[in-house]
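A.B. asks: Sending over a structure as structure tokens; questions will come in a sec.
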Amino acid sequence: MKLLHLADTHIGYSAYRKVESGSGLNQREVDVYDAFKQFVDYAIETHPDIILHAGDLFDAVRPTNRAISNVLDLLLKLSDEEIPFVVISGNHETPRLRETGSVFRLFEHIDNVYPVYEGKYELIRFDDLGLAIHAIPHSPDGMRSELEKVKIDRSFDYNILMLHCGVSGVSVFKEGLFNEEIIEYDEFGEGFDYIALGHYHRAVHVGGNAYYSGSTERLSFTDAGNPKGFLELDLSGDHVVHFKKLDIRDMVDIRPLRCDGLTAGEVMDLIRGRIADCDPAGKIVRLKVENIPVAIYNTIDFDEIKRLTADAVHFEIKWNVIRDNGGTYAGDVSFKSIKREFERYMASCNLEDGERKDLLEMGIRYLGGNGEKEKSR
């Protein structure tokens, strides 16, 4: 009995300003949808006996019409192939008030799609597969009381538990969100042939037969460098769980740059080197610059950084700036340096050219830069 387990597809997620050429859609929204499409294409090619989606199919309680339409198109393809698709609602798509309603209602009348979203335990039987699915969606009221209702049905060959939650055991697997629920590993009980978990964005073996499939895309820099995909296993065979990697966009968290004892020129040289080494074209990139004195921060050539990273889907620098009084503050690359703002201000002033030039050079020297060096770069 072959199954595919995925979770946390977060359809409708969007981020950053980059748009896809041609469609004009947010590039990250397109990326997230494409990852789910890759999964569906694989499912149609391999034709598993069942697919388990362990929550957060959508990124929001009220997804956009485009997000709903994209998901419906792919679910209809799976339905046409007669591949059962069981999906539980996660914390991202579960409304706080039941009166709000759930987008999962749209799936109730699609053949071979089994949505579980009303905040309570449901038992879904597949007699032809000898399979009982014990599905518990996320609930604003908590899921422990629902978990207590689960009883393994030995009349079936296979019993599978599905939940969307954090897990605490030898390790703690959680995302740190305000509405996540943490379940103790021992609360799952024993005897399940497989426990399909969602919510934690890394693919990991929790223990026993319990697994997180992880998310299908990288949604924050905590995921940088981690592969993304889904799980595949054969319960009637070797029971070995295989991770299937999806082809998704690179996310790079560059090794932090510490500025202790460095000159302004050395800092810019190192920033240029870090950018060149990571080859940011088409990638999502972050660089942390730590302990940079405010006088050096004020000389940073933000325009050059922007030019060097223009081909990235997103590039950001997190600055840890040391003030003259010893305090610190944080900023990102969207903040322009005082020197650049002064240059723009002087260009807008109604002054004679010679007077503007003298005042500009005087101001740049005061701010810690050198007018002649700046011009020669």
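A.B. asks: Please find, among Leu72, Leu163, Leu106, the residue that is on the phi < 0 side of the Ramachandran plot, in contact with a helix residue (DSSP H, G or I) (Cβ under 8 Å, 6 or more places away or on another chain), buried (at least 21 other Cβ atoms within 10 Å of the Cβ) and not in a loop (DSSP other than H, G, I, E, B). Reasoning before the result, please.
C.D. replies: On the way: Leu72 fails: buried (at least 21 other Cβ atoms within 10 Å of the Cβ); Leu106 fails: buried (at least 21 other Cβ atoms within 10 Å of the Cβ).
The unique qualifying residue is Leu163.
A.B. asks: What residue, of Asp59, Asp128, is farther than 25 Å from Val204 by Cα, surrounded by fewer than 23 Cβ atoms within 10 Å (Cβ to Cβ) and not aromatic (Phe, Trp, Tyr)?
C.D. replies: Details: Asp59 fails: farther than 25 Å from Val204 by Cα.
Result: Asp128 is the single residue among Asp59, Asp128 that is farther than 25 Å from Val204 by Cα, surrounded by fewer than 23 Cβ atoms within 10 Å (Cβ to Cβ) and not aromatic (Phe, Trp, Tyr).
A.B. asks: Which one of these does Gly142 not meet: (1) assigned to a strand (DSSP E or B); (2) open to solvent by less than 50 Å² (accessible area, probe 1.4 Å)?
C.D. replies: (1)
A.B. asks: Somewhere in region 190-198, is a residue open to solvent by 50 Å² or more (accessible area, probe 1.4 Å), outside any strand (DSSP E or B), small (Gly, Ala, Ser) and assigned by the TED database to the domain that holds Ser213?
C.D. replies: Within region 190-198, the first condition is being open to solvent by 50 Å² or more (accessible area, probe 1.4 Å), and the residues that meet it are 190.
Retained after the next criterion (residues that are outside any strand (DSSP E or B)): 190.
Subset that is small (Gly, Ala, Ser): none.
Checking region 190-198: not a single residue is open to solvent by 50 Å² or more (accessible area, probe 1.4 Å), outside any strand (DSSP E or B), small (Gly, Ala, Ser) and assigned by the TED database to the domain that holds Ser213.
A.B. asks: I'm trying to understand the selection: among the residues of region 86-131, which are among the hydroxyl-bearing types (Ser, Thr, Tyr), closer than 21 Å to Leu75 by Cβ and more than 22 Å from the chain's Cα centre (by Cα)?
C.D. replies: The first filter runs over region 86-131 and keeps only residues among the hydroxyl-bearing types (Ser, Thr, Tyr), leaving 89, 94, 100, 102, 114, 117, 121.
Checking the rest, the ones that are also closer than 21 Å to Leu75 by Cβ come to 89, 94, 102, 114, 117.
Correct list: Ser102, Tyr114, Tyr117.
A.B. asks: Moving on. How many of the residues in region 216-273 are open to solvent by 50 Å² or more (accessible area, probe 1.4 Å), polar (S, T, N, Q) and not in a helix (DSSP H, G or I)? Can you show your working first?
C.D. replies: From region 216-273, those open to solvent by 50 Å² or more (accessible area, probe 1.4 Å) are 222, 225, 227, 236, 238-240, 242-245, 247, 249-250, 253, 255-256, 258, 260-261, 263, 266, 269-270, 272; that's our starting set.
If we keep only those that are polar (S, T, N, Q) too, we end up with 222, 236, 263.
Of the ones still in play, those that are also not in a helix (DSSP H, G or I) are 236, 263.
Qualifying residue count for the region: 2.
A.B. asks: Return the residues of region 75-98 that are within 23 Å of Ile50 (Cα to Cα), open to solvent by 10 Å² or more (accessible area, probe 1.4 Å) and hydrophobic (A, V, I, L, M, F, W, C); say none if nothing qualifies.
C.D. replies: Leu76
A.B. asks: I'd like to check something: does region 97-113 contain any residue that is among the small types (Gly, Ala, Ser) and over 22 Å from Ala203 (Cβ atoms)?
C.D. replies: Kept after step one, since they are among the small types (Gly, Ala, Ser), are these residues of region 97-113: 101-102.
Now restrict to residues that are over 22 Å from Ala203 (Cβ atoms): 101-102.
So far as region 97-113 goes, yes, one or more of its residues are among the small types (Gly, Ala, Ser) and over 22 Å from Ala203 (Cβ atoms).
A.B. asks: Filter region 281-325 down to the residues that are in contact with a helix residue (DSSP H, G or I) (Cβ under 8 Å, 6 or more places away or on another chain), open to solvent by less than 30 Å² (accessible area, probe 1.4 Å) and part of a loop (DSSP other than H, G, I, E, B) and list them by number.
C.D. replies: Asn298, Thr299, Ile300, Asp301, Thr309, Val313
A.B. asks: Here's another thing I want to ask about it. Let me spell it out: the conditions are (1) over 26 Å from the mean Cα position of the chain (by Cα); (2) part of a loop (DSSP other than H, G, I, E, B); (3) not hydrophobic (A, V, I, L, M, F, W, C), and Ser79 meets all of them except one. Which number is the exception?
C.D. replies: Ser79 satisfies every listed condition except (2).
A.B. asks: Within region 23-49, how many residues turn out to be touching a helix residue (DSSP H, G or I) at 6+ places or on another chain (Cβ under 7 Å) and among the hydrophobic types (A, V, I, L, M, F, W, C)?
C.D. replies: Adding up the residues that qualify gives 4.
A.B. asks: Restrict the check to region 29-48 and report whether at least one residue is buried (at least 23 other Cβ atoms within 10 Å of the Cβ), assigned by the TED database to the domain that holds His164 and in contact (Cβ under 8 Å) with a residue 60 or more places away in the chain.
C.D. replies: The answer is yes; a qualifying residue exists.
A.B. asks: What tally of residues in region 49-65 results from selecting those that are within 19 Å of the chain's Cα centre (by Cα) and without any contact (Cβ under 8 Å) to a residue 60 or more places away in the chain?
C.D. replies: Residues in region 49-65 being within 19 Å of the chain's Cα centre (by Cα) and without any contact (Cβ under 8 Å) to a residue 60 or more places away in the chain: 8 in total.
A.B. asks: Could I ask something else about it? What residue, of Phe335, Phe315, is at pLDDT below 90 and aromatic (Phe, Trp, Tyr)?
C.D. replies: On the way: Phe315 fails: at pLDDT below 90.
Testing whether each residue is at pLDDT below 90 and aromatic (Phe, Trp, Tyr) leaves just Phe335.
A.B. asks: Against the condition modelled with pLDDT of 95 or more, within 17 Å of Ala210 (Cα to Cα), within 25 Å of the chain's Cα centre (by Cα) and not aliphatic (A, V, I, L, M), how does His134 come out, does it pass?
C.D. replies: Working: modelled with pLDDT of 95 or more: yes; within 17 Å of Ala210 (Cα to Cα): yes; within 25 Å of the chain's Cα centre (by Cα): no; not aliphatic (A, V, I, L, M): yes.
No, not satisfied.
The values are calculated or read from the model by the stated rules, or taken from the named source; none is laboratory data. Quick caveat, the model's predicted, so the values are computed rather than measured. Here Cβ is always computed from backbone atoms with ideal geometry, including for glycine, and neighbour counts include all displayed protein chains. Areas reflect the complete protein model, heavy atoms only, side chains present, ligands, DNA and RNA absent. Shrake-Rupley method; radii C 1.70, N 1.55, O 1.52, S 1.80 Å.
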